[in-house]
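Inspection log for the structure reproduced underneath, given as structure tokens.
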């Protein structure tokens, strides 16, 4: 995994945590309304694994997930990038939304890179 600054690490972890909180709130609201929660649940699980992988890569925190969950999380996170990037392109230069999206994209890219590194070394623990 490439060397990243402490600022980038902090921003990336915060971005994941923020996205997880927003997804948890969305899941809660959808559950109350009786809406289908399959997609949000799948994304939330992938985000949690992505965060755990970054914490493992940077802070050596242990994480546990199955190979199947790991592979699915990688696929889900990679699938999120195109839609976030398209929203980023349409966002106003210098806006808080653009900054948030930049950090979200960077954090996803770093998580995917960390996942690829783990895959190269052997399957997840």
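Key figures for this structure:
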| quantity | calculated |
| --- | --- |
| Sorted by Cβ density within 10 Å, fewest first, the residues 90, 30 | 90, 30 |
| Ordering of 32-41, 7-16, 77-86 by packing [mean C-beta count within 10 Å, highest first] | 7-16, 77-86, 32-41 |
| Length added when fully stretched, residue 75-residue 116, from 0.36 nm per residue minus Cα-Cα | 13.6 nm |
| Cα-Cα separations in the range 14-75 greater than 19 Å, expressed as whole percent | 36 |
| Value of Rg to Rh for the chain (Rh from inverse mean 1/r over Cα pairs, i.e. Kirkwood) | 0.98 |
| Projected label distance in nm at residue 64 and residue 33, using a 7 Å step from Cα toward the beta-carbon | 3.6 |
| Alpha carbon centroid spacing (whole Å) that separates the range 1-61 from the range 63-109 | 10 |
| Gain upon complete extension [residue 6, residue 90; 0.36 nm per residue less C-alpha separation] | 27.4 nm |
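Laboratory data are not the source of any read-out in this text; all were calculated from the coordinates shown. Values in this document were obtained by computation on a predicted structure and should not be read as measured data. FYI the Cβ positions are ideal-geometry reconstructions off the backbone, even for glycines, and counts take in every protein chain you see.
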